[in-house]
1. Would you mention how many residues in the stretch 243-256 are assigned to a strand (DSSP E or B) and away from the ligand (no atom under 14 Å from the Cβ)?
2. Looking only at the stretch 262-304, count how many residues are surrounded by fewer than 24 Cβ atoms within 10 Å (Cβ to Cβ) and not in a helix (DSSP H, G or I).
3. Given the conditions (1) over 24 Å from N47 (Cα atoms); (2) modelled with pLDDT under 95, and given that Q236 satisfies all but one, which numbered condition is not satisfied?
4. Residue by residue through the stretch 149-163, note down the ones that are buried (at least 24 other Cβ atoms within 10 Å of the Cβ) and either within 11 Å of the ligand (Cβ to nearest atom) or at pLDDT below 95 (or both).
5. Only one of these conditions is not met by L28: (1) more than 16 Å from the ligand (Cβ to nearest atom); (2) over 18 Å from D151 (Cα atoms); (3) out of contact with any Cys (no Cβ under 6 Å at 6 or more places or on another chain). Which number is it?
6. Hey, could you check the stretch 31-51 for residues that are more than 16 Å from the ligand (Cβ to nearest atom) and in contact with a strand residue (DSSP E or B) (Cβ under 7 Å, 6 or more places away or on another chain) and say which is nearest to C189 (Cα to Cα)?
7. Out of G118, G81, G135, G74, I need the residue that is at pLDDT below 90, closer than 27 Å to A20 by Cβ and not hydroxyl-bearing (S, T, Y). Which one?
8. Kindly establish whether G241 is within 18 Å of G210 (Cβ to Cβ), surrounded by 18 or more Cβ atoms within 10 Å (Cβ to Cβ) and out of contact with any Lys or Arg (no Cβ under 8 Å at 6 or more places or on another chain).
Amino acid sequence: MTALPITFDDVAAAHDRIRAAAHRTPVLTSRTANAAAAAELFFKCENFQRIGAFKFRGAYNAIAQFTPEQKRGGVLAFSSGNHAQAIALSAQLLGVQALIVMPEDAPAIKIQATRGYGAEVVLYDRYKDDREALGQRIAQERGMTLIPPYDHPHVMAGQGTAAKELFEETGPLDMLVVCLGGGGLLSGCATAAHAMAPGCEVFGVEPEAGNDGQRSLRSGEIVRIDTPRTIADGAQTPYLGQYTFAVIRELVKDIVTVSDAELVETMKFFAGRMKIMVEPTGCLAAAAVLNGKLDVAGKRVGVIVSGGNVDLNSFANLVLGQNA
Ligand SMILES: *Cc1c(COP(=O)(O)O)cnc(C)c1O
């Protein structure tokens, strides 16, 4: 095995770096869920993390390692989702200027939230402008450092702290189930599992409409697809990263998929039975476990619940459907 982009030491160092700023999120259990899955489930609830998703962990870990020169230049990110807010808040806490490049049709509430953390927002036309070129130009003109949402060792190590905290609380587990977009969370969590719970099998879960990760793992090379149509907007990435895939191919047992309908059922379960609000992407891992996609019977299983950022109207429409 060639050296992987991150080691458990990186995850442990990330944990020390973010500990004072991040929340230690709760691990919830549910007898109803255990009965439905015939397993013992431990839900690590990152919907209670700062900004409402695990992405704060990786963003803070990355910016905290900037050199003084990088700190003076500021941080740049492309995102209309949780990564934007994670970068904006982390930068504010660390006294670094942040600039977020967002599509002009991003939800107004997300643009406002990002500005609310003190970040400058530059809007672009996703049908006309070349986002990469725009970003490159700004980064060069202003001497800013770009932090990508998943394919960066500091981001991956930061995300792995979610699983580190889970194992600290539960002890060894037989399985760990993690949602998958670009693979920052899965690669970090698999690194923690490998070191802290030898023998624990790690699985990724992605939307049925976009199973590029599953195809990549099974074929041994990164498969690219068109942007998938799914309600799991945090997992609409069309391909895994170079760094994340290097870890995933070594440490992840398999990747399974769930349908949008199964995600909606899981949102209902979380709201109705566990009293928590989880965004569609945050339901991926639980949906796989609760719908028999993995052989969990009789096992102790960690389930990462990745985030809770869904606006109330969409939440009501999804959960209540025609009754809304
Ligand atoms: C970004 C995100 C994901 C996917 O994470 P990756 O590191 O890109 O695999 C899953 N859930 C939520 C809530 C997210 O914000």
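The values are calculated or read from the model by the stated rules, or taken from the named source; none is laboratory data. Since this is a predicted model, take the numbers as computed values, not measurements. Quick reminder, even Gly has a Cβ in these numbers, built from the backbone with ideal geometry, and neighbours come from all protein chains shown.
1. Here is the first cut: in the stretch 243-256, the residues assigned to a strand (DSSP E or B) are 254-256.
Among the residues that remain, those that are also away from the ligand (no atom under 14 Å from the Cβ) are: 254, 256.
Counting residues in the stretch 243-256 that are assigned to a strand (DSSP E or B) and away from the ligand (no atom under 14 Å from the Cβ) gives 2.
2. The total comes to 14.
3. Every condition holds for Q236 apart from (1).
4. P149, Y150, V155, M156, G158, Q159, G160, A162, listed by residue number.
5. Among (1) more than 16 Å from the ligand (Cβ to nearest atom); (2) over 18 Å from D151 (Cα atoms); (3) out of contact with any Cys (no Cβ under 6 Å at 6 or more places or on another chain), L28 violates only (3).
6. Applying the first criterion (more than 16 Å from the ligand (Cβ to nearest atom)) to the stretch 31-51 yields 31-42.
Remaining after also requiring in contact with a strand residue (DSSP E or B) (Cβ under 7 Å, 6 or more places away or on another chain): 33-34, 39-42.
Numbers: A33: 22, N34: 22, A39: 21, E40: 19, L41: 17, F42: 15 Å.
Step by step, filter the stretch 31-51, then rank; the result is F42.
7. Details: G118 fails: at pLDDT below 90; G135 fails: closer than 27 Å to A20 by Cβ; G74 fails: at pLDDT below 90.
Testing whether each residue is at pLDDT below 90, closer than 27 Å to A20 by Cβ and not hydroxyl-bearing (S, T, Y) leaves just G81.
8. yes
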